[in-house]
Number of protein chains: 2
Amino acid sequence: MADTDIFDLQAFLPYLLNQAAEASSLDFQSVYKSRYGMLRNEWRVLFHLGMYGRLSASEIRDRSGLHKTKISRAVQRLAERRFLTRDRDIKDRRTEHLELTAQGQAAYRDLRKIAREYDAALAEMLGDEDVAALRRMLQRLAQRVS
Amino acid sequence: MADTDIFDLQAFLPYLLNQAAEASSLDFQSVYKSRYGMLRNEWRVLFHLGMYGRLSASEIRDRSGLHKTKISRAVQRLAERRFLTRDRDIKDRRTEHLELTAQGQAAYRDLRKIAREYDAALAEMLGDEDVAALRRMLQRLAQRVS
DNA sequence: GCAGATTCGTTGCTTGTGTAATAGTTGGTT
DNA sequence: AACCAACTATTACACAAGCAACGAATCTGC
C-alpha cells in the first residue's frame, strides 16, 4: 500500500531546515551584497575577524567550519577591497595573519548592527515560541549529525 | 566601545540555520547520491512526483518554491535515467506532464523510508526538546521572511 | 642534516546556480 | 484574422562552489 502511504516533505527536517535557511539567508544577503558587494563567505570571514581580531586562515577554518578554499577566495576579495590586511608570519612563513582595516571594522560594525536587528525581527516573528530552544536545537543539529 | 561589544555569531539565526541545514543536508545527500546518483534538486523533484503523482514543471515550482531552471535541469536528468516520463499535454502543448516510472517509484519509496528513519534519528538526537515546536518555527521562518 | 610526512594556503577544473534572453504556444482584443 | 500580452519550459552566459592537485614551508624521526 505504498502509494497511499503519505509523506510530508514539509515536515522533513533537512528539507525544512534548508527552506528556512535559504529564506533567511536571502534576506540577509541582500544587505551585505547591496551595501558592500560582499558574498556569503565574505561576510562570514569578516565577522570572524570582527569578533576575534587577528586570525590566520586556518584559525578561521577551525572556528567556522568553512572550507579552506572558500576562505582563501573570500580573503582574496576582502583584501582587494581593502577590508582586511594580510601579514605574513615571520616564524612560519606559510601562515598569514589577517586583520580588518578601519574600513573593514566599520563594515563589520554596520553589518553587526543590522544582523542584530534582523535577528530580533525573526525572533519577534516567532511570537510566543521558545526562540532559545530553537537556537539550542539548531546548534545541536549543526554540530555534526552523523 | 564597539570593540568590546561582543556578537555571538553562533546564535545568529540565519547563520545557525545554515549550519544546521548544511549538516543535515550533507548527511542525507550521501544517501541519494550514493544510491541513485541524484543531486539535491533531483530528489526534491522525485519526492514531489512521488507524493503527488502526475505534475507539470510549474506545478512542482508552485509547490516547492524551487526555481524553474533547477526543475528543468533536474527533470532532464531524471528523465535520462528513466526515473520519470515526460508527456506533453495535447490541449496545451507548452505543458509537459511528469510522472514517475516504476523505477522512479521504487527509488522514491526507498528514499522515503530512509528519510523517515533519518528524520526520526534527528528527532531522537534532540532528546527532550520539543521537535514539533521546532518544525513549527522552521515552517514559519521558511514562508517568506521579509 | 636529510627524507618523508604534514601543514598552509592557492589554483585548475568540473559542476551547479541565477539572471536574463529565448523559442514556442495560447488566449484575449480589436 | 492579426496582433499583443502572458505563460511554459529551455538555454546561454557569467559567476560561485567543491574537489583534487599543487607548491612552498615546516616538522619529525633517524
Query raised in the report: Hey, A:Phe47 hits all of (1) open to solvent by 20 Å² or more (accessible area, probe 1.4 Å); (2) modelled with pLDDT of 90 or more but one; which does it fall short on?
Result: (1)
Query raised in the report: Can you tell me how many residues in the range B:1-28 are outside any helix (DSSP H, G or I) and not hydrophobic (A, V, I, L, M, F, W, C)?
Result: 2
Report task. Answer yes or no as to whether A:Tyr15 is more than 30 Å from B:Met51 (Cα to Cα) and hydroxyl-bearing (Ser, Thr, Tyr). Result -> no
Requested in this report: Answer yes or no as to whether B:Tyr118 is under 16 Å from the mean Cα position of the chain (by Cα), open to solvent by 70 Å² or more (accessible area, probe 1.4 Å) and within 11 Å of another protein chain (Cβ to nearest Cβ).
Outcome: no
**Report entry** Criterion violated by B:Asp62 - all others in (1) touching a Lys or Arg at 6+ places or on another chain (Cβ under 8 Å); (2) of a type in the set (Asp, Glu); (3) open to solvent by 50 Å² or more (accessible area, probe 1.4 Å) satisfied
**Finding:** (1)
Report task. State whether one or more residues within the range B:55-64 are hydroxyl-bearing (Ser, Thr, Tyr) and near DNA strand D (Cβ under 7 Å from one of its atoms). Result -> yes
Requested in this report: Have a look at A:Glu124, A:Glu99 and point out the one that is among the acidic types (Asp, Glu) and either facing another protein chain (nearest Cβ under 7 Å) or assigned to a helix (DSSP H, G or I) (or both).
Outcome: A:Glu124
Report task. Could you list all residues from the range A:79-100 that are open to solvent by 30 Å² or more (accessible area, probe 1.4 Å) and in contact with a strand residue (DSSP E or B) (Cβ under 8 Å, 6 or more places away or on another chain)? Result -> A:Thr85, A:Arg86, A:Asp87, A:Arg88, A:Asp89, A:Thr95, A:Glu96, A:His97, A:Glu99
Report summary line: Exception for A:Gly104 within (1) assigned to a helix (DSSP H, G or I); (2) open to solvent by 50 Å² or more (accessible area, probe 1.4 Å) falls at (2)
Query raised in the report: Of all the helices (runs of 4 or more DSSP H) wholly in the range B:29-95, which have at least 1 residues that are aliphatic (A, V, I, L, M), more than 14 Å from chain A (Cβ to nearest Cβ) and within 14 Å of DNA strand C (Cβ to nearest atom)?
Result: B:57-64, B:68-80
Report task. Run down A:Gln29, A:Gln76, A:Gln19 and say which single residue is farther than 25 Å from B:Ser24 by Cα, open to solvent by 20 Å² or more (accessible area, probe 1.4 Å) and out of contact with any His (no Cβ under 8 Å at 6 or more places or on another chain). Result -> A:Gln76
**Report entry** Where a residue in the range B:8-23 is within 12 Å of A:Glu22 (Cα to Cα) and of a type in the set (S, T, N, Q) and its partner, wherever it lies, is open to solvent by 10 Å² or more (accessible area, probe 1.4 Å) and more than 14 Å from DNA strand D (Cβ to nearest atom), with Cβ under 9 Å and at least six apart
**Finding:** B:Asn18/A:Ala142; B:Gln19/A:Gln139; B:Gln19/A:Ala142; B:Gln19/A:Gln143; B:Gln19/B:Gln10
Requested in this report: Select from the range A:127-146 the residues that are at the interface with chain B (Cβ under 7 Å from one of its Cβ atoms) and either closer than 14 Å to A:Phe28 by Cα or aliphatic (A, V, I, L, M) (or both) and list them in ascending order.
Outcome: A:Ala133, A:Leu134, A:Met137, A:Leu138, A:Leu141, A:Ala142, A:Val145
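The values are calculated or read from the model by the stated rules, or taken from the named source; none is laboratory data. These numbers were taken from a predicted model, which means no experiment stands behind them. Heads up, the Cβs are rebuilt from the backbone with ideal geometry, glycines too, and the neighbour counts pull from every protein chain shown. When the accessible area is computed, the model is the full protein with side chains, heavy atoms only, and any ligands, DNA or RNA have been set aside. Shrake-Rupley method; radii C 1.70, N 1.55, O 1.52, S 1.80 Å.
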